[in-house]
Amino acid sequence: MTAKDLKNALLQEAVQGKLVPQIASEGNARNLLEEIRKEKLSHGFANSYGICDGKDKKTKSSDLRSKSQISVTKISADEIPFDIPENWCWCRLGEICVSFSTGPFGTMLHKADYVEKGGVPLVNPANIKNGYIDPSNIKLVSREKYSALQAYVLAEDDVIIARRGDLRKCAVVSAKEKGWLAGTGAFFLHITGIDTSFFKLFYTSSFAQNFLLSDSIGTTMDNLNQSLLSRLPFPLPPLAEQKRIVAAIEKFMPLIEEYGKKETELKAFNEQIGTLTKKAILQEAVQGKLVPQIAAEGNAKDLLEEIKKEKAKLIKEGKIKKEKSLPEITDDEIPFDIPENWYWCRLGELVDTNIGLTYSPSDIIAEGGTEVLRSNNIQNGKIVYDNLVHVSKNVPEKCLSKKGDLLICARNGSKALVGKSALIEQDGMAFGAFMAIVRSPINPYILHFINSPVYRAKLDGVNTTTINQITQDNLRETVFPLPPLAEQKRIVAAIEKILPLCEKLGE
């Protein structure tokens, strides 16, 4: 169980009355609810209903600050999500609010109303962090404008909550924030007969959040409205039990936070182990230590000759260009021993490479044309066909990919992104100027070599003063440990089986 799951479970136990024992001498929540109603009546509110008593009544009560009308209906039996202790009762949030309002409408505040200093802080959801009001980066409203916004002034012990975006944001106004203003994106309410810390833990519980999120409105972000918030079912304990619940939560939360820290440390450790294991597996793979050698699978030198003959044929047919000769491999260039049936060669002997398409902003069109693969289309070793650029210009044949090509990020301002690669799954797509393709019959194995520490060590030493890059010469001259084709397939199968397990270590 994660720290988040543990916290949610603890809050759920609290709001269901299972966290602390009930004590008969602490009275009954129905009596507390009646006291709350009387308190509201003394402030000019009409009566309201909430206990599931079989009656279907509706009343309206005026908000003291906004003067808006809130309709509060009784809670029906099918709305009750779980059982609560006998001395608790169900009501609605609207019943326990003495005042209930939003911040000022956006049209009530203009750019000229904000000041750099000497003004009154305006609390918006961005200023609610970890259950408290964070004064850093808070906007200030001029004193002149403040006098016109008295209906939105926060009182001590008001509860302020986000009405858009992250609806879990909730804080209690302290003496320090008394007199500040509620912002446009916030609700602020004053409750009676309820311990504000108990309210805050209830509001952040899974039950309350699921209720609000299920009916929140908005196409780009969740939004609360006053009607929805006032309908929120509230499991009301006696006041003394509320305080005992809060005390219990405050005792357990530091333990959960410590558990969360250890969980984070463990996750980071697992991620590190996963990364190191992945590197070790790829290193073993390219050294011929991941799978056993089988004599019947032949010799890699024969495979190299076959690939060379095929390349020579394509050159003769004019399908690929003849490349300059590659230097012989010296003993100093060989980084480790490989099995007897493997062979050291240069990558250029096995592949054909091309750098991608250069295009200008005027060549980009909304749709149609030719789709162009860029660095952002390689994610976690796979091609992601989102956010593709479409160009209208004619694309040379050498800049069009084929299924099975290996796409590599060849140039990037971030050194960490240079070298990320993936196999292309379809024909006919272009690739951008900062990209390169490698075309070879053994690309699945080459992909894992490119991701191995052997190649990364070579790559980390290659850069210019302005941009990190892999040139075609860098690729072609790379010293490459070539296994027989059948062994390559067994290596790739083993890697694809093991690497997902490494990835899960960090989850």
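The values are calculated or read from the model by the stated rules, or taken from the named source; none is laboratory data. Remember, predicted model here, so these are calculated numbers, not experimental data. Here the Cβ is made from the backbone with ideal geometry for all residues, glycine too, and neighbour counts use every protein chain on show. These accessible areas exclude ligands, DNA and RNA; they are computed on the full protein's heavy atoms, side chains included. Shrake-Rupley method; radii C 1.70, N 1.55, O 1.52, S 1.80 Å.
The residues of region 265-299 that are over 26 Å from Lys458 (Cβ atoms), in contact with a Lys or Arg (Cβ under 9 Å, 6 or more places away or on another chain) and open to solvent by 50 Å² or more (accessible area, probe 1.4 Å), listed by number, are Pro292, Ile294. Return a yes/no flag: does region 142-159 have any residue that is closer than 22 Å to Tyr114 by Cα, open to solvent by less than 40 Å² (accessible area, probe 1.4 Å) and under 31 Å from the mean Cα position of the chain (by Cα). Within region 142-159 (the criterion being closer than 22 Å to Tyr114 by Cα, open to solvent by less than 40 Å² (accessible area, probe 1.4 Å) and under 31 Å from the mean Cα position of the chain (by Cα)), the answer is no, since none of the residues qualifies. Among the numbered conditions (1) of a type outside the set (Asp, Glu); (2) over 27 Å from Ala162 (Cα atoms); (3) touching an Asp or Glu at 6+ places or on another chain (Cβ under 9 Å), the only one that Leu282 does not meet is (3). A count restricted to region 373-396 and to residues that are in contact with a helix residue (DSSP H, G or I) (Cβ under 9 Å, 6 or more places away or on another chain) and in contact (Cβ under 8 Å) with a residue 60 or more places away in the chain stands at 2.
Among the residues making up region 127-141, those that are surrounded by 15 or more Cβ atoms within 10 Å (Cβ to Cβ) and either of a type in the set (S, T, N, Q) or touching a residue at least 60 places away in the same chain (Cβ under 8 Å) (or both) are Asn127, Gly131. Of all residues in region 228-264, exactly one satisfies the criterion of being polar (S, T, N, Q) and surrounded by fewer than 16 Cβ atoms within 10 Å (Cβ to Cβ), namely Thr264. Of (1) at pLDDT 85 or above; (2) open to solvent by 70 Å² or more (accessible area, probe 1.4 Å), Leu19 satisfies all except one. Which? Result: Leu19 passes all but (2).
Restricting attention to region 66-86, the residues being among the basic types (Lys, Arg) and at pLDDT 65 or above number 1. Residue-level check: of (1) surrounded by 14 or more Cβ atoms within 10 Å (Cβ to Cβ); (2) acidic (Asp, Glu); (3) over 22 Å from Glu496 (Cβ atoms), Glu333 misses just (1). Within region 309-326, one or more residues are over 25 Å from Leu400 (Cα atoms) and over 46 Å from the mean Cα position of the chain (by Cα). In region 83-97, what count of residues is obtained for those that are of a type in the set (A, V, I, L, M, F, W, C) and open to solvent by 10 Å² or more (accessible area, probe 1.4 Å)? The total comes to 2. So, of the residues in region 169-205 that are open to solvent by 40 Å² or more (accessible area, probe 1.4 Å) and in contact with a helix residue (DSSP H, G or I) (Cβ under 6 Å, 6 or more places away or on another chain), which turns out to be farthest from Cys89 (Cα to Cα)? Here the answer is Lys169. Quick check on region 88-112: of everything there that is in contact with a Gly (Cβ under 9 Å, 6 or more places away or on another chain) and modelled with pLDDT of 90 or more, which residue is nearest to Asp166 (Cα to Cα)? Within region 88-112, the match that is nearest to Asp166 (Cα to Cα) is Arg92. Which of the residues that make up region 190-200 are more than 28 Å from the chain's Cα centre (by Cα) and under 15 Å from Ile133 (Cα atoms)? Scanning region 190-200 gives Thr196, Ser197. When Ile383, Ile442, Ile437, Ile378 are checked against the criterion of being open to solvent by less than 20 Å² (accessible area, probe 1.4 Å) and at pLDDT 95 or above, Ile442 stands alone in meeting it. Scanning region 217-229 for residues that are of a type in the set (Gly, Ala, Ser) and at pLDDT below 60 gives a single hit, Gly218.
Residue-wise test of (1) out of contact with any Pro (no Cβ under 9 Å at 6 or more places or on another chain); (2) within 30 Å of Pro481 (Cβ to Cβ); (3) touching a residue at least 12 places away in the same chain (Cβ under 8 Å); (4) assigned to a strand (DSSP E or B).
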| residue | (1), (2), (3), (4) |
| --- | --- |
| Ser230 | yes, no, yes, no |
| Ala248 | yes, no, yes, no |
| Lys251 | yes, no, no, no |
| Tyr259 | yes, no, yes, no |
| Lys262 | yes, no, no, no |
| Gly274 | yes, yes, yes, no |
| Lys278 | yes, yes, yes, no |
| Leu290 | yes, yes, yes, no |
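For region 456-483, taking the residues that are in contact with a helix residue (DSSP H, G or I) (Cβ under 7 Å, 6 or more places away or on another chain) and open to solvent by 10 Å² or more (accessible area, probe 1.4 Å), the one that is modelled with the lowest pLDDT is identified as Asn463.
Annotation: of all residues in region 346-363 being among the hydroxyl-bearing types (Ser, Thr, Tyr) and in contact (Cβ under 8 Å) with a residue 12 or more places away in the chain, the one that is most open to solvent (accessible area, probe 1.4 Å) is Thr358.
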